[in-house]
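Values in this text are rule-based calculations from the coordinates and carry no lab data. Everything numeric here is computed off the predicted structure, so don't read it as measured data. Note that we place each Cβ from the backbone using ideal geometry, even for glycine, and neighbour counts take in every protein chain shown.
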Amino acid sequence: MMHMWQLIKLQLKVSLGLSALSWYRRHKDKRFFYGIGLVLLVVGSLSPMAWLYFRLIRTAYFTALMLGQPEAVLTMSLLSSSFFVLFFGSIYVLSAFYFSRDLSFLIPLPLQPRVILAAKFAVVLVNNYIIVAPLFLPALAVFGLNQGMGPLYWLAGLAVFLFLPVTPLAVGSAAILLLMRVTNFSGRRDALRLLGLMLLMVILVAFNYFVTSIPPGEEADFIQGLIAGERSLVNFLARAFPPAAFATRALSAPLPAAALNFLIFTAASLAVLPVISFLADRLFYRGLIGGEEISARRSISARELDRKLARSSSPVWAIAMREIKILIRTPIYLFNSVGILVIVPVLLLVPSLARGGLAPLLQMFTNVEQRLFLNLGAAAFIGVMALFTPGASSSFSREGKMFWLSKVIPVGPAQQIKGKILSSYLLAFLAVPYIILFTLFAVPFSLSELLMVILLGAALSFPVITLSLLADLLRPYLDWDNPQKAIKQNLNVVLGMVAGGAALYLVYLAGRLVYAGGAADPFVYLAVLVASLILGAVPYAILMKIADACYQKTGT
Amino acid sequence: MSKSYNKGKVKAVDDLSLSVRPGEIFGFLGPNGAGKTTTIKMMVGLLKADSGTISINGYSIEREPIAVKQSISYVPDNPEVYEKLTGIEYLNFLGDVYGVPAAARRERIARFLDLFGLTGAVNNLIQSYSHGMRQKIVLIGALLHEPQVFILDEPMVGLDPKSSHSLKEYMKEHCAGGRTVFFSTHILEVAEKLCHRIGIIHQGRLIACGTMEELREQSRDKSLENIFLELTE
C-alpha cells in the first residue's frame, strides 16, 4: 500500500508537472509566471464557449422545471460527463497503461502490477476532471442556485464531482485490459491509435449530426422530448447507467433518500476499484509484455538503394519533406493536421445533411449573385483550413528531443523556417481539392477565378502560418515523452489559432471597408491580398530576425 | 571558454583553453559531470559559451556558425533520431542539408552501411532499430559529408565489438588524410591506444593535456588509468 501511494504521488507530480512547476517557482520565477499566465489566457479564451454552455444548461433547467422534473438537468450532465469520460478516458487509459515510456523503467521494479496500474489510473482520473468539470459543474450550479440548496448540497456535489469519473474509467480500464490480453494490438500501437482516432471522428460527426438535427427555434421541445416520459432518452440512459440516477437522487431527493443514494453512489464507485486491482494482477503484464515493436526486416537491394539515393534536393525542400514524412507517419500528428481537414468540412456539411440533404445548401451557393462573395468565400475556406491544422503551430515542438539535429546541421534557422513554411503550405493546400470538387459539382469557377481563389487562399494562409510558427518558435514544447503531448498538450496550438483567427478577422475588416466604400470588385480582392500579405509579412520578418537567437537558446 | 548554470552558481566549464591540431585524434577524458559534454555542445553550437571563443577550421562558432557546421559533424552520446523516417530517408535528408552530391552520397552510404553492418536494416523505420543501430545510423549520417572535424561524445557506448573496431579504424583513416577527430570517452584503453593527444577535464577545468608520454612525465605512474585517478581525485 505504501508503494502504491508513493508511486501515485510520483506519477501525479510527473504528469501534472508539479515538481517542475515548483522548481521554476523557486529558481525561474519568470518562466513560472509565464506558464501560469498562458494557462489563464487559454482559460480566458475558452470562456465564451463555457458561457454558451452555461446558457444552454439554464434553458434545459427551465424546460425541465416546467415538466416538473428539474433534476433531469443533473441527470443529463451526469450522463454526458460519464459517457465522455468512458470514451475519451478509455483512449487515455490505453495510452497510459500500455504506451507510457516510463513502463520500461517501472516494470523491472519490485512492484505488483496493481501498484503500477493504480498509479496510472490515478493520473488518468485526475486528468479526467478537466473533462468532467465543464460538463457537470454548470449543471450543479444552475440546479443548486435556482433551487436555493443549502451547504449539504454543495458538499455532496463536490463529492459527486470527485467520484463521478471513477466508475466509467474503471469500466473503460477493464475493457482495455481484456482487449489487450486477447488481442496482439500492443505491438501495433500506431494502428491502434489510428483506429481510436477514427472512432473519435465518427463519434464527433454523429454528435454533430444529433445536435444539428434539432430544428431551429424548437430547442425547448427537443429538450422536453429528451427528458419527458419513462421511455425518454435520458431516463433510458439513466437506467442503463444507474450511478447517474443514484447521483441525481443524492443531490435532489429529500434528505434520508438523498443520504442513502449518496452512500450507494460512493460505495459503487469505490467497489469497482478492487475489481480493477484484481484484473490488473491477472491481465496487465500478460497484455503488455512481449508487445515491443519489432517490424519485419525488409532488406534492400543494391539497385533499390541506388535508386533511392539518386535524387538530391535543396535543404529547404529536404526540411519540408522531413516535416511531411514524420507528420503522416505519426498517427496523432496525421489525425490532427490532416484528419482535421477532413473532419471540418464534414462537420460543416452535417447540419445541411441533418436537415434534409445538400440540395438547399447548393441552392444557396447558386443564389449568391455576386461572384465576389463566392470567390472570397472559397479563398477564406483555404485560409480557415490553414487555421484549423496545427501543423505550423506545433512544428518546432514536434521535433522534441531531436531538435539537437536542427541545431547542428549547416542550414541556418531562417532557411529551416522557410522549409517549415513550405510544409505548412503543403498542408493548407489540401483544402484545394475541396474547391475543385465545389467547382465541378456545385458552382463552376472559371479558370481565372480558380487561380485567383488559390492565390488569395495562399495569401490568407500566410499570416496564419507565420503567426502559428512564431507562437511555437517563441516557446517550443520539446520536452515530451509521447508525441501526443507535442500537439494535444501544446498551448502554442491554441495560441496559433487565436492569433491566426485574429489576423483573418483583420483581413475581413479590410475587405469589408473597401467594399462598403463602393469600390469595384478588383479593389476588394486587392485589399484582401495586401492586408493578408502585410499581416503575414510582419510575423515572417520577426521570425527571420529572431530565428538565430531562438534556436540558440532552445534545447541543448 | 567558460560556461555556468543556475545563474553562475554551477560552473560546468571553467576557463578552459584547448587547441587541437589537424591530423590529430584528440581524446577528452573526465569523470561524470566534469564538463565534457558541455564543452562538446559548445563546440558544435548546441550551447553558447558565457565567455571565450571557439574557432574550428578558422571559423568562429559565434560569428560563422554555418561555416563551422558545414566543416564538422557531431555524434551525441544519446542519439535521438527521427523514429518515423527510414534509415535511408534519414541519410538522404542529411545528404541534402550538407549538400552531398548524389554520386558521392551513393558511394559513401554504401561503404559506411557495409562498414557498420547496417545495409539490411536501412530500409526500415528507425523506430525498429536497437540502441546500437541508432548509434550507427547517426555515425553514418555524420560521416556522409566527410567532415574536416569529427566530434563524438562517448561514441563507443552501445556499439558491438566489430562496429567499435570499425569506428576506431575509420578514425585513424580519417586523420591520416589531415582531418581531425575529437571525442570524449570513459574507456581509457581506447584513449591510450588511439589518441595522439589526451585532455583530462575535472570540475570544468582542463587539468592535463598532452601526448601519453607527456602525461606520463607529469605522473610517476605509467598507466593512463592511474594518471587519471591521481589527477581527478
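Volume per residue for the stretch A:20-121 equals 163 cubic angstrom (convex hull of Cα atoms). The calculated pair-distance distribution of the stretch A:315-553 uses every alpha carbon pair, bins of 10 angstrom beginning at 0, and gives 8, 31, 33, 19, 8, 1 percent.
What pairs from A:K418/A:K553; B:K84/B:K162; A:K120/B:K84 go past 25 Å between their alpha carbons?
Values: A:K418/A:K553 20 Å; B:K84/B:K162 27 Å; A:K120/B:K84 27 Å.
Pairs exceeding 25 Å: B:K84/B:K162; A:K120/B:K84.
Gap in Å between the Cα centre of the stretch A:412-445 and the Cα centre of the stretch A:488-556? Computed from Cα coordinates, the inter-centre distance equals 16 Å.
Largest first, the extents of the alpha carbon coordinates of chain B on the three principal axes equal 51, 38, 32 Å. Peptide B:86-94 shows a mean partner chain C-beta count of 5 within 10 Å per residue C-beta. Among A:146-154, B:138-146, the peptide with the highest mean count of other Cβ atoms within 10 Å heads the list, and the full ranking is B:138-146, A:146-154. The stretch B:48-94 and the stretch A:1-50 have Cα centres spaced 34 Å apart.
Loop only per DSSP, at most 12 neighbouring Cβ atoms within 10 Å: give me the trypsin sites (Lys or Arg not before Pro) in the stretch A:19-116, ordered by residue number.
Values: sites: A:R25, A:R26, A:K28, A:K30, A:R31, A:R55, A:R58, A:R101, A:R114; in loops: A:K28, A:R101.
When the trypsin sites (Lys or Arg not before Pro) of the stretch A:19-116 are filtered for loop state and at most 12 Cβ neighbours within 10 Å, A:R101 remain.
The dipole here belongs to the stretch B:114-228: it is taken about the Cα centre, uses +1 on the Cβ of Lys and Arg and -1 on the Cβ of Asp and Glu, and is about 80 debye.
For the protein assembly as shown, give the magnitude of the charge dipole about the Cα centre (Cβ charges: +1 Lys/Arg, -1 Asp/Glu; no others), in debye to the nearest 20.
The calculated dipole for the protein assembly as shown is roughly 320 debye.
Taking every residue in B:40-52 and counting other chain Cβ atoms within 10 Å of its Cβ, the average works out to 2. I'd like to know which of B:N57, B:T37, B:A67 lies farthest towards the positive end of the charge dipole of the stretch B:1-78, counting +1 on Cβ of Lys and Arg and -1 on Cβ of Asp and Glu. Among B:N57, B:T37, B:A67, the one farthest towards the positive end of the dipole of the stretch B:1-78 is B:T37. Stokes-Einstein D for the protein assembly as shown at 25 °C, 0.890 mPa s, Kirkwood Rh over Cα pairs, in µm²/s? Result for D is 81 µm²/s.
I need the calculated FRET efficiency for the pair A:L199 and A:L509, taking r as the beta carbon distance and R₀ as 41 Å, to the nearest 0.05. Don't skip to the answer; put the middle values down first.
Details: r = 40 Å, r/R0 = 0.98.
E(calc), rounded to 0.05, equals 0.55.
Sort out for me the Cα centre separation of the stretch B:161-210 from the stretch A:304-352, rounded to whole Å. First find each Cα centre; the distance between them is then 42 Å. Dipole of the protein assembly as shown computed with +1 at Lys/Arg Cβ and -1 at Asp/Glu Cβ about the Cα centre; of A:I465, A:F441, B:S4, farthest Cα towards the positive end is B:S4.
Counts of other chain beta carbons within 10 angstrom of each beta carbon in peptide B:123-129 average 4.
Kirkwood Rh, the stretch A:63-168, all Cα pairs: how many Å?
Values: mean 1/r = 0.0641 Å⁻¹.
The Cα-based Kirkwood calculation yields 15.6 Å.
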